[in-house]
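**Q** Mind looking over this structure? Questions follow.
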């Protein structure tokens, strides 16, 4: 990987339907997935592999048991990523019954270790993994041992490693999904070279802290060394203690651990379950719950106490609290699980109430939206709705990967990343798939424009900018992420205070303004970033935008600076 060409070769393990790929490509065009592996053991019908190939093509795709893939078959790469299978740590099984890293699925960690070790001096400078949040506490008999083994193994291979448990909903995303994210850097890498104090890196300066800011919870600092060989760590780490020593944010350098518990800091727009639902008339009838079935669902969701007898003959009372029924629409969804599909009543499946008063399950497209995948990403004639739900229950939230990918890029190259494939972008202009689910619609649903919770501040500065004719279609479609390039920097009005700009509205000639965006980032760039064929490398101001809402209709306003811009406040335009 050379700094000059900005090309990060990615190998993706346990790829599922491509959540890592979507997130990284949404972060920057520099991320290039050159090889990927997806294999579901004990499964004849490889649904995830089928979807992955339909969306991204067969080039570089491996649908083989990773245990049987020689390291020599995996091309050299700069970043190894993967959500390594986590059933043994999953909330679907109690910690006391989970095998942890010794379990059938947990041993797949050693395939990651094997690949990194056998790559020797060509092992990637960067690694990025995802797992369930309870990884840091597994197993119940020796809290934190599994994570200590992983950290010690990576340290022995020459990596420094940071981690964070992140709940996607804490940062404005549409699902309450807590997962552990692990990012590592070889000691000689560009990123590792920027580390100074461990405490500063974890709390303020590091890749994860920059992507997802937080404050440290008082009294949670934990510092210690992971000592001994891997077998010794496995046998004795934290033995006899009731709590894991790992906080939910931390860093390991040369087996020295610094960790704290993180309290999220975020004040931006927030997505909700209701904001990601399709109109009721688009929902097939089989997803609605009949009046006769409704009491069964109410029972499953309700509080209950049941007398049970164990296999050993002991009697006990099984109890569980009640759940919201139907699910709240004005907040992020509950965590999605693999059993989300199917019509049988279940405590864990989402049920929403429609404007007509009927209750229904979520359709696969809505499940995709809750993980921030493009609409219809898993739609395929060979994949059932139940399996589509299963695939989403196994997936990660693409928005988390996108933000970490952006942060990693900034550390590697020292500049803002650019992507021509935002995470909501549909990957098939002419789908190879059956669209019977929406056969009655005149247009296919291909872009997710989630509704968000936020408060408009009418006193904040608003920039209105003219959209040139050849770029109007781009600003007229409904994709929620946009990039606006101003004229050349020497022609941009010096009277506009960039540090005060907060909102943006594109001005369409002959129409006026309608759509309101939040300015996420303002930077210097050029059009060749996205359109290299133009060769236009003239410096321009670049605004990276997030769609908020639209006025009921276009409003004509006067552009009073060079007939191309207007610097005002939001309230003035809304009230004119």
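**Q** Normalised by the residues of segment 114-243, what does the relative contact order come to in percent, with Cα pairs under 8 Å and at least six apart?
**A** In percent, rounded to a whole number, it is 29.
**Q** Okay, next question. So, in Å, what gap is there between the alpha-carbon centers of segment 535-576 and segment 40-64?
**A** Computed from Cα coordinates, the inter-centre distance equals 44 Å.
**Q** Below 8 Å, C-alpha to C-alpha, sequence gap of six or more: please give me the relative contact order for the chain in percent.
**A** About 13 percent, as a whole number.
**Q** Here is a follow-up. Is it possible to state the helix-based mean residue ellipticity at 222 nm for the chain, with each DSSP H run of 4+ residues giving -39500 (n - 2.57), the sum divided by total residues, to the nearest 500 deg cm²/dmol? What is it?
**A** -5000 deg cm²/dmol
**Q** Between residue 58 and residue 354, what's the calculated FRET efficiency when r is the beta-carbon distance and R0 is 51 Å? Round to 0.05.
**A** For R0 = 51 Å, the calculated efficiency reads 0.80.
**Q** Restricting the count to DSSP beta bridges whose residues both fall in the chain, what percent are antiparallel, rounded to a multiple of 5?
**A** About 75 percent, rounded to the nearest 5.
**Q** Quote the relative contact order of segment 455-575 in percent (integer), defining contacts as alpha-carbon pairs under 8 Å separated by 6+ residues.
**A** In percent, rounded to a whole number, it is 36.
**Q** State the label only: which of (1) 22; (2) 31; (3) 14 corresponds to percent of Cα pairs over 48 Å apart computed from the shown model?
**A** So the structure-derived entry is (3).
**Q** Now, a different point. Pull out the extension gain between residue 197 and residue 304, defined as 0.36 nm times the separation in residues minus the alpha carbon to alpha carbon distance; nm, one decimal.
**A** Computed gain between residue 197 and residue 304 is 33.4 nm.
**Q** Go through 273-282, 485-494, 256-265 and give me the packing order, highest mean Cβ count within 10 Å leading.
**A** 256-265, 273-282, 485-494
**Q** Still on this structure: For residue 290 and residue 319, what does the FRET efficiency come to when R0 = 30 Å and r is the distance between their Cβ atoms, rounded to the nearest 0.05?
**A** Efficiency at R0 = 30 Å is approximately 0.55.
**Q** Please state the Cα pair-distance histogram of segment 455-575 with 10 angstrom bins from zero: what percent is in each bin?
**A** That works out to 13, 49, 33, 5, 0, in percent per bin.
**Q** Report, in whole Å, the centroid distance computed from the Cα atoms of segment 334-370 and segment 293-314.
**A** Centre-to-centre distance over Cα atoms comes out at 21 Å.
A short reminder: the numbers here are calculations on the coordinates, not readings from a lab. All values derive from a computational prediction rather than experimental measurement. Please note: Cβ atoms are built from the backbone with ideal geometry, for glycine as well, and neighbour counts cover all protein chains shown.
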